[in-house]
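Report on the following structure.
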Amino acid sequence: MTGTAPIAKRPPETYTAEEMTALLGEWACVVGSYGMYAAVHLLTYTELPGRRDFARHVDIETGYAADGSEPLVAAVRDWDKLLNSGTVYLTGGDQRLVEIAASYASGRPVDLRQAGNGLGTAHARRLVEAVAIGAGMEEYLTIGDSPALAEMRARNDALLGAAGTAD
């Protein structure tokens, strides 16, 4: 983890959301596949990192990177159990992002017509970013807000105030 102090190995449930996010990022680096980078991009956008119910599905271990380093990583033990255990509650958008993350990470089939339909603008943007990452095109593509989105946000601000622009 560039520019930060190393995180010590502890039980998974003791990590903050920021620490867990960093360890998941290290896992993607160790795996080194575009699919895993996309999966972690989606997973770390949800509210799961730092939650105890998520930590029960994570192993904290030493990774072995191609550059010879041995970073501490957080790895999802079993994506199917994470999604189907009944012990992890997610909102609709987060649930769908985790389903797509599981597909990128493990090849678990996902129906994009259902998983991608009806996402709010923030979740949809994260999904589009993940597709670019998963295709190995992150550095070649720019994903930005359209004038229509800026106009919609301005209308929402006028109706709801600044608090109405989260998604």
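Only helical runs count toward this figure. For the chain, summing -39,500 (n - 2.57) over DSSP H runs of n ≥ 4 and dividing by all residues gives -14500 deg cm²/dmol at 222 nm. Counted by Cβ distance under 12 Å from Asp78, the other residues give a net charge of +2, where Lys and Arg count +1 and Asp and Glu count -1. Based on protein heavy atoms only, the chain ends up with 56 Å² per residue of surface accessible to a 1.4 Å probe. Loop-located GluC sites (Glu not before Pro) in segment 45-125 (DSSP state other than H, G, I, E, B) with a sparse environment of at most 13 neighbouring Cβ atoms within 10 Å: Glu47.
A crude spin-label estimate for the pair Ala148 and Arg56, with each label 7 Å from Cα along the Cβ direction, gives 4.3 nm. When Cα Rg over 2.2 N^0.38 Å is calculated for this entry, the matching label among [x] 1.11; [y] 1.03; [z] 1.23 is [x].
Shape descriptor for segment 116-157: Rg over Rh equals 1.05 (Cα atoms; Rh from the Kirkwood inverse mean 1/r). For the chain, carbon and sulfur atoms together expose 54% of the accessible surface, with a 1.4 angstrom probe and every protein chain in place.
With a Förster radius of 30 Å applied to the beta-carbon distance between Arg113 and Glu70, the computed FRET efficiency rounds to 0.10.
The loop-placed chymotrypsin sites (Phe, Trp or Tyr not before Pro) in segment 1-109, going by DSSP, that have at most 14 neighbouring Cβ atoms within 10 Å of their Cβ come out as Tyr64, Tyr89.
Near Pro6: Cβ cut-off under 15 Å, other residues only, Lys/Arg at +1 and Asp/Glu at -1. The net charge is -3. Stretched out straight at 0.36 nm per residue, the stretch from Leu141 to Val128 would grow longer than its current Cα-Cα span by 3.6 nm. The residue among Leu82, Pro12, Leu127 whose Cα reaches farthest toward the positive pole of the charge dipole of the chain, with charges on the beta-carbon of Lys, Arg, Asp and Glu, is Leu82.
The values are calculated or read from the model by the stated rules, or taken from the named source; none is laboratory data. These figures come from a predicted structure and were not determined experimentally. Using ideal geometry, Cβ is built from the backbone for each residue, glycine included, and neighbour counts are taken over all protein chains shown. Protein only, heavy atoms only, side chains kept; ligands, DNA and RNA dropped before computing areas. Shrake-Rupley method; radii C 1.70, N 1.55, O 1.52, S 1.80 Å.
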